[in-house]
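Here's the structure, in structure tokens; my notes come after.
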Amino acid sequence: MARSASVLVLSMALFACAHQPSATIAADPAVMTKAKLTQMSADQALQALKDGNTRFVSGNAIKRDLPAQVKATGHDGQFPLASIVSCIDSRSAPAQVFDQGVGDLFVASVAGNVVNDDILGSLEYASKVVGTKLIVVLGHTHCGGVKGACDAAELGNLTQLLNKIRPAVNMTPDVHGSDRSSKNHHFVDEVAENNVKLNVKAVLDKSPVLREMAQKGQVKVIGAMLDVETGKIRFF
């Protein structure tokens, strides 16, 4: 009888341990909701991205229950805190470098993080319809698209895309000598930053919807640069 009771107590203890919330689930923040997004300012959204990048760089990314977030956003909808226009570069995946979860970011990715009409329409949807209050054009160091533009490379449809980066090449003064090709990585990175600034301007110049929202303080449009060697993001 005593042995049966001991076995029962042990079984109950093991059952309790097995059904304790895991560290991953316990640390998982709630997904963005409409109410949270409505109350969040552009500056608060920006700070969330800054904090996330700090966690990413330090190796302290939040442990998330991604399947649970998929279920929550699939049932209740998505309300991202920011829209990111990024390069397709595999090292600059926004959700990773900003340490955000499912449903936290709208992302439009294209080589050279250039803005076209389709991306503008997407950003208008994000801000005007969903209510996202921050737009970040995210460039990065050692950008292949920028290198191609510096070298005036030609390759199928890529040629047309690289031409959109050429204005940034033309406006950038010589850096670390007179070499303006992809071999001069200092020049390439300076062009990449100017390309970000031009595309931030393009968002406001080419979208009356977003320009009006920005003038009313309903949305903020900024640029940022990711250092692919460190993972750190500098905002400007």
Just checking, which of 120, 138 is out of contact with any strand residue (DSSP E or B) (no Cβ under 7 Å at 6 or more places or on another chain), farther than 17 Å from residue 169 by Cα and in contact (Cβ under 8 Å) with a residue 24 or more places away in the chain? 120
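What about residue 47, is it in a helix (DSSP H, G or I), of a type in the set (S, T, N, Q) and either at pLDDT 95 or above or surrounded by 13 or more Cβ atoms within 10 Å (Cβ to Cβ) (or both)? Let's see the steps before the verdict.
Working: in a helix (DSSP H, G or I): yes; of a type in the set (S, T, N, Q): yes; either at pLDDT 95 or above or surrounded by 13 or more Cβ atoms within 10 Å (Cβ to Cβ) (or both): yes.
When the stated conditions are applied, residue 47 passes them.
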Could you list, in sequence order, all residues of the range 80-102 that are open to solvent by 20 Å² or more (accessible area, probe 1.4 Å) and either in a loop (DSSP other than H, G, I, E, B) or of a type in the set (Phe, Trp, Tyr) (or both)? 88, 89, 93, 100, 102
Considering residues of the range 199-236 that are under 21 Å from residue 165 (Cβ atoms) and free of Cβ contacts under 8 Å to residues at least 12 places away in the same chain only, the residue surrounded by the most Cβ atoms within 10 Å (Cβ to Cβ): 201
Looking at this structure, is residue 31 at pLDDT below 95, in contact with a helix residue (DSSP H, G or I) (Cβ under 9 Å, 6 or more places away or on another chain) and open to solvent by less than 30 Å² (accessible area, probe 1.4 Å)? yes
Exactly one condition in (1) outside any loop (DSSP other than H, G, I, E, B); (2) without any contact (Cβ under 8 Å) to a residue 60 or more places away in the chain; (3) crowded, with 19+ Cβ neighbours inside 10 Å is false for residue 182; which is it? (1)
Unmet requirement for residue 130, which otherwise passes all of (1) at pLDDT 95 or above; (2) closer than 30 Å to residue 41 by Cβ; (3) open to solvent by 40 Å² or more (accessible area, probe 1.4 Å): (3)
Working only within the range 157-194, note down all residues that are among the aliphatic types (A, V, I, L, M) and within 15 Å of residue 111 (Cα to Cα). 158, 161, 162, 165, 168, 188, 191, 192
In the list 77, 59, which residue meets the criterion of being over 25 Å from residue 132 (Cα atoms), of a type outside the set (Lys, Arg) and either modelled with pLDDT of 95 or more or surrounded by fewer than 16 Cβ atoms within 10 Å (Cβ to Cβ) (or both)? 59
Filter pass, residue 137 being β-branched (Val, Ile, Thr), part of a strand (DSSP E or B) and open to solvent by less than 10 Å² (accessible area, probe 1.4 Å): yes
Give the number of residues within the range 153-162 that are open to solvent by 90 Å² or more (accessible area, probe 1.4 Å) and not hydrophobic (A, V, I, L, M, F, W, C). 3
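The values are calculated or read from the model by the stated rules, or taken from the named source; none is laboratory data. Please read all numbers here as calculations on a predicted model, not as lab measurements. Cβ atoms come from the backbone with ideal geometry, glycine included; neighbour counts cover every protein chain shown. What goes into the accessible areas is simple: the full protein's heavy atoms, side chains included, and nothing from ligands, DNA or RNA. Shrake-Rupley method; radii C 1.70, N 1.55, O 1.52, S 1.80 Å.
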